[in-house]
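Structure, as structure tokens:
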Amino acid sequence: MRLDSRPWPAEVLTTRGSYDDGVTTSSPAPSNPLRALAAWEPSPAAMRRAAFAAVVANVGIAFTGAVVRVTSSGLGCPDWPRCTGDSLVPTHSPDHPVLNMAIEFGNRMLGVAVFATVAFCLLVALRMRPRRRDVVLLAALLPAGVLLQGIIGGLTVWYALTPGWVTAHFLGTLVMIALTVTLHVRTHEGDGAPRVVVRPLVHRLVQALTVAVLLVMVAGTVVTGSGPHAGDADSVRYPFQLEDVAKVHSGLVWVTMALVVALVVALRRTRPEGPAFTRLLQLSGVLVAQAAIGLVQYFTGVPAALVSLHVLAACVLWVAALRLLYAMRVRA
């Protein structure tokens, strides 16, 4: 305790607080986090990074969902939203191996991480200045989409992984990837009117290619739902012969490749402004790799690891197709 009545030096008051009758008063408390959030104005670069993270998260959850299927872990947690009838987390069960329960529960937890990622996207879009209405709208659709995907996933479990629900769940993932890619593209563009930079024939070919890629992936889900990796050993399969649906799937791949070749020729001749040709080459590389994986897995008995890799490559191909589609126009 201080014995004299001389005032504290200014520098002491600055670092240690005020002094009155032997009582030290602490420095002011940190600012309110909500007030700091209200003053936060993320940059456009932050919005771009958040949108990219959302793309990666949704592609990632598609890959882990494939891992669930090929390890027969789809019913590792036989209930939803609980893992079992009386527990949110995996518990010992003689009917479900520990590894299968862990894989399915881990995938569900990754779904929570995906929701957090897209919710952060929405927060950044709302706080960015100037606020962009279409960016906010796209970002707002993402959390709603993740919640809807969670419900579809729950119904898929309740209906014991019937192939129709499994296909719907994967197609929902493709919609989510499309939304996140669109958001990411818009964060790199201005708000001016879109201006098409390619000839009408090229534009129509790219639109046809986008549809072809989507059909390839839909056919791929039917192939998987007709084969050995339906998510659980006792799950119902599609009533198709695996060889027949695989031929349909491969036929669509050949159509896609033909469209790519036609576009390479057309874009080399016209050389439009923007990244269209570069993105077409990127898509071509992914498509060739994806076709190679598909052929190897078909002729090697559809091994689990290659099926998961095939699903991952399919999602990357979908991203590449969408990026090519958006490269057909520019916005100032």
Taking N as the number of residues in the range 193-332, the ratio of its alpha carbon radius of gyration to 2.2 N^0.38 Å works out to 1.17
Dipole in debye (nearest 20) - the chain, about Cα centre, beta carbon charges: Lys, Arg +1; Asp, Glu -1: 1660 debye
Stretched out fully, how many nm does the piece from GLU273 to VAL175 gain, at 0.36 nm a residue minus the Cα gap? 32.4 nm
Quickly work out the ALA45-to-ALA193 label distance, labels modelled 7 Å from Cα along the C-beta direction, and quote it in nm with one decimal. 3.3 nm
So how do ILE61, ILE151 line up by other beta-carbon neighbours within 10 Å, fewest first? ILE151, ILE61
When the Karplus curve 6.51 cos²θ - 1.76 cosθ + 1.60 is applied with θ = phi - 60°, which whole-Hz ³J(HN,Hα) does each residue of the range 263-276 get, with x for Gly and Pro? 6, 4, 5, 5, 6, 5, 7, 8, 6, x, 5, x, x, 4
Plugging the Kirkwood radius over Cα pairs into Stokes-Einstein for the range 42-191, at a temperature of 4 °C and a viscosity of 1.567 mPa s, what D comes out in µm²/s? 80 µm²/s
With +1 on each Lys and Arg Cβ and -1 on each Asp and Glu Cβ, how big is the dipole of the range 193-332 about its Cα centre, in debye rounded to the nearest 20? 1040 debye
Give, in nm to one decimal, the length gained when the segment between ARG204 and LEU281 is fully stretched (0.36 nm per residue of separation minus the Cα-Cα distance). 25.9 nm
Amide proton proximity set for ARG329, modelled H, under 5 Å, gap of 5+: VAL197
Going by how many other beta carbons lie within 10 Å of each one, how would you line up HIS229, HIS203, HIS96, fewest first? HIS203, HIS96, HIS229
Find the eigenvalues of the gyration tensor of the Cα atoms of the chain, then list the square roots of 5 times those eigenvalues as equivalent ellipsoid semi-axes, largest first, in whole angstrom. 48, 32, 15
Please identify the trypsin sites (Lys or Arg not before Pro) of the range 91-177 that satisfy two criteria: DSSP loop assignment and at most 16 other Cβ atoms within 10 Å. Which are they? ARG131
Paramagnetic label zone (point 7 Å from Cα along Cα-to-C-beta, VAL288; backbone N under 14 Å) in the range 240-277: 257-258, 260-261, 264
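Read the figures in this text as sums done on the coordinates, not as results from a lab. All figures in this text were calculated on a predicted structure; none of them were measured in a lab. Heads up, the Cβs are rebuilt from the backbone with ideal geometry, glycines too, and the neighbour counts pull from every protein chain shown.
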